[in-house]
1. Modelling each spin label as a point 7 Å along the Cα-to-Cβ direction, I'd like the Thr175/Gln257 distance in nm, to one decimal.
2. Take Thr100 and Ser244, extend 7 Å from each Cα along the Cα→Cβ direction, and tell me the distance between the two endpoints in nm.
3. Expressed in whole Å with the largest first, what are the equivalent ellipsoid semi-axes of the stretch 248-303 derived from the C-alpha gyration tensor as the square root of 5 times each eigenvalue?
4. What is the distance, in nm, between label points placed 7 Å from the Cα along the Cα-to-Cβ direction at Asp270 and at Ala149?
5. Taking the Cα atoms of the chain, report the difference between the largest and smallest coordinate on each principal axis, in whole Å and largest first.
6. What residue among Ala150, Ala255, Ala49 shows peak mean-square fluctuation when the chain is described by a Gaussian network model with Cα springs under 10 Å?
7. Using alpha-carbon pairs under 8 Å, 6+ residues apart, how would you state the relative contact order of the chain in percent?
8. Please turn the phi angles of the stretch 252-261 into ³J(HN,Hα) values with the Karplus equation 6.51 cos²θ - 1.76 cosθ + 1.60 (θ = phi - 60°), one per residue in order, whole Hz, x for glycine and proline.
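The values are calculated or read from the model by the stated rules, or taken from the named source; none is laboratory data. Since we're looking at a predicted model, the values are computed, not measured. Using ideal geometry, Cβ is built from the backbone for each residue, glycine included, and neighbour counts are taken over all protein chains shown. Just the protein is used for accessible areas: all its heavy atoms, side chains included, with ligands, DNA and RNA removed. Shrake-Rupley method; radii C 1.70, N 1.55, O 1.52, S 1.80 Å.
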Amino acid sequence: MTLRDLLSFSPEVAHARAEGLPIVALESTIITHGMPFPQNVETAKRVEAEIRAHGAVPATIAIMGGRILIGMTDGELDRLGQADHVAKLSRADLAACLATGGTGATTVAATMICAHLAGIRVFATGGIGGVHRGAETTFDISADLMELAATPVTVIAAGAKAILDLPKTLEVLETQGVPVIAFGQDEFPAFWSRSSGLKASLRMDDPAQIAAAHQMRARLGLPGGQLVANPIPVEAEIPRDQISPAIEAALAEAAAQGIAAKAVTPFLLDRILTLTEGRSLASNIALVLSNARLGAAIARAMG
Ligand code: PSU
Ligand code: MN
């Protein structure tokens, strides 16, 4: 089976490729493990619509029936969003899932790999994985960070959640040579909060600068992508002191229950959602929409 046979383009994405239109990739783990049904599917469709409204074509990526879907129909989104026990696929899991004809949702790392195979350079999501708190004993560091160092895709996220150790996350990104570009401010944003108290290594205020930096990296022959950290819109922000109790409680529950490995991030996301009685979900949706708009602008600027 050739790569062509493995990639299954939706009609919309196939048309965009033929016409040379800007395309923005979207991940599917946020649908299966990041938000509850039905908001997950509603949000996935709204995010796609937002990208279209801003002059680009959305390509939601997932694995179904042993093929890499690049762009999904509404029916496929409905099925994935309601399915039970969908596998969460990172770099380590992708080939095995495809080889066995399986179905799975792609994380940031796996979505970057698939986007690159499909020639897509821009990918918008909510938050990336990072270095977990206590990593000095657990060694739990998301494969997303190493993927950013290896695969030439520009990823737009609202920073990383404070369930993670943000200073260590930034240190690993720096060590791995990943440009961390805060958009429109100096600080690295912390997902629900615009502020983290930490400075990003780079700041840009114009999507065209971000596109130019991506292209320059390719010209230099440097592998890897860029992380664009787009602060949550002011009106959707949850101040740090209000979200912190939910984060601390979720972390304590995870430790008490011995949650480990791939289960950690989904467990924490689910608990925080419940503990904030849905307030975190409304903010999460607002920031993904905002990242989709910025992703469309960067994809348009790539030309
Ligand atoms: N962080 C979020 N929302 C998410 C995820 C992370 O705020 O949905 C998902 C993404 O798919 C990310 C993955 O790539 O979790 C990271 O998982 P892990 O920490 O196991 O690498
Ligand atoms: Mn992990």
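1. Simple spin-label model gives 3.0 nm for this pair.
2. Reported label-point gap for Thr100 and Ser244 is 4.4 nm.
3. On the way: eigenvalues 203, 44, 7 Å².
Taking √(5λ) for each eigenvalue gives 32, 15, 6 Å, largest first.
4. Inter-label distance under the simple model: 3.1 nm.
5. 49, 41, 35
6. Ala255
7. Numbers: 615 pairs, mean separation 60.7, N = 303.
It rounds to 20 percent for the chain.
8. My calculation for the stretch 252-261 gives 5, 5, 4, 5, 5, 8, x, 5, 9, 6 Hz in order.
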